[in-house]
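The values are calculated or read from the model by the stated rules, or taken from the named source; none is laboratory data. Predicted model, so just to flag it, every value in this text is computed and none were measured. Side chains are part of the model used for accessible areas, which takes the heavy atoms of the whole protein and leaves out ligands, DNA and RNA. Shrake-Rupley method; radii C 1.70, N 1.55, O 1.52, S 1.80 Å.
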Amino acid sequence: MKSGKSGLNNGTGCNIEGRWLQSTRIFILETGEQMEYQYPIDHTWSTDEIIDVVRFFECIEEAYEKGINREELLSAYRRFKEIVPGKADEKNLLNEFEEVSGYSSYKTVKAARESEENQRVKMK
């Protein structure tokens, strides 16, 4: 898992690798060291869809870094599922995100679903 505080998000990228565009996330660790990874993005999505998918991944990061309101996370996930309705595509995106970030979207959404209303979701 990444430790430290998140830095800046360089926004959506235009670096096409096969089907996925990449959006970069830069982390500034407590040691001052920078780490970065890229969000998996489908180049066929609209700008608004890309923004919403990146927001979902940011919610997952927030759950690990400082905690997030359950409703905010589940709302972002519902929007993500509108954009990525297929199970196989969802699994591929979530696995790719976990591989580069160390954050499990599946476990985070599961924890949010199992938590009570108006609770914060904090992953370890």
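For the range 31-124, carbon and sulfur atoms together expose 45% of the accessible surface, with a 1.4 angstrom probe and every protein chain in place. Which shape class, rounded, prolate or oblate, goes with the range 65-116 when its Cα gyration tensor gives a ≥ b ≥ c as root eigenvalues, a/c under 1.5 marks rounded, and past that a/b bigger than b/c marks prolate? Note, shape of the range 65-116 comes out oblate. Taking a probe of 1.4 Å, how large is the accessible area per residue of the range 36-124, in Å²? Result: 54 Å² of accessible area for each residue.
Database remark: amide H of Y39 closer than 5 angstrom to the amide H of S23, T24, R25 (H placed geometrically; neighbours at sequence offset of 5 or more, or on other chains; Pro and chain starts carry no H).
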